[in-house]
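Nothing in this text is a laboratory measurement; each read-out follows from the coordinates by a stated rule. Everything numeric here is computed off the predicted structure, so don't read it as measured data. Note that we place each Cβ from the backbone using ideal geometry, even for glycine, and neighbour counts take in every protein chain shown.
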Amino acid sequence: MATFHLFPQLPTELRLAIWHLCLPHRVVELDYQREDLLFGAKRPCAKNAALTDANTRIPALSRVNREARGVALESWQPHPEPLSDSPELADWASGIIPVPRVDSHRTQFVHLNWAPAQDIDADWPADGDPLRYAMWVADQMPGSEISLDASLLEDVQYNSIHSEKHPWTREELQDLMRRRKSFTVVVQEPIFIHGDFHRVAQTGLWGLLGDAPVQIVHADEEARLNSFVELGREEGMKLSSDPFKNPLKDRLQELSDTVMAVFGSDENAPRLVPAFMFRYCPHNCASN
Ligand SMILES: [Zn+2]
């Protein structure tokens, strides 16, 4: 990288503004981190949760110099905790692996990594309401969107009746979801990209300093979607699955069938926006 010698001579406000631009916009993941169940993927990076951990670390900006570190620390605030007088929120929140700190002003997505279908063990689900909690967290983060796994909706599509494993009946879920205008829905398993970190950081796709290893991309953001896939196809890089090869049209059709099954032709139904999740793993995974 070229050195910009005049940077220290810029007015402080300008330097601070530049540091702020280097802060990552991240996906805040809410999940149980049950290693055996996470995504159903068998890659070491999926199982050891190291990647999720990297996604919650203090921004890389903190390592540049003291001034930059101040900016990073200031953006890095404790994760909001629901009041104990709302047990539906507090109970579920107490069951997830807490994200210790977040940048509420730069959170792009609050992603609920939970679905009844993942619940194959008897000790699930935890008490409380995962979706209500995710909606509450997103409310604390101006400008963020909520993202869900398509399997959450699919489960309600096929099981309309309340059971131990489902926090809501179909009607209850409709009522809850109608409170927001739109939700992002990740329509297939997360796509892992492996390979050289410097190459990845150069692309800017994972934040200007490469410190936002989890990204959600809407299906209609074609240019951005292409950039991720092209990066994964480069020599020395690995893409765990190619969204353009697994028929994209089928996934989108399935989502629209699900929406129809869950909401019917309700005019007040929230908009469900299809998306993909990309996860960058810097490790040289054995299963690669
Ligand atoms: Zn990996």
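Secondary structure note: in the chain, about 30% of the DSSP beta bridges are antiparallel.
Using the Cβ-Cβ distance between residue 269 and residue 196 with R0 = 45 Å, the FRET efficiency computed as 1/(1 + (r/R0)^6) comes to roughly 0.55.
Specify the residue with the greatest mean-square fluctuation among 230, 67, 267, computed from a Gaussian network of the chain linking alpha-carbon atoms under 10 Å apart. So, out of 230, 67, 267, the one fluctuating most is 267.
Take the Cα of residue 139, go 7 Å toward its beta carbon, and the backbone nitrogen atoms of segment 164-186 under 20 Å from that spot belong to 167-169, 172-184. Sorting 58, 96, 193 by the number of Cβ atoms found within 10 Å of their own Cβ, with the fewest placed first, yields 58, 96, 193.
Counting other Cβ atoms within 10 Å as a rough exposure proxy, the listed residues 147, 265, 84 run 265, 84, 147 from fewest neighbours to most. Relative contact order, whole percent, for the chain stands at 21, derived from Cα pairs under 8 Å and 6 or more residues apart.
Computed with the Debye formula from one identical point scatterer per Cα of the chain, without solvent, the log10 of I(q)/I(0) at q = 0.08, 0.09, 0.10, 0.12 Å⁻¹ comes to -0.36, -0.46, -0.57, -0.81. In terms of packing, defined here as the mean over residues of other Cβ atoms within 10 angstrom, the peptides 130-143, 68-81 line up highest first as 130-143, 68-81. Note on the chain: GNM, Cα springs under 10 Å; of 215, 174, 188, the largest mean-square fluctuation is that of 174. Under a 10 Å cutoff between Cα atoms, tell me which one of 66, 57, 101 has the largest fluctuation in the Gaussian network model of the chain. Fluctuation is largest for 66. Site pair residue 18 and residue 208 shows an inter-label distance of 0.9 nm when each label is modelled 7 Å from Cα along Cα→Cβ. Taking only Cα atoms, what is the 0 to 90° angle, nearest 10, from helix 66-75's long axis to the longest principal axis of the chain? Approximately 10 degrees, to the nearest ten.
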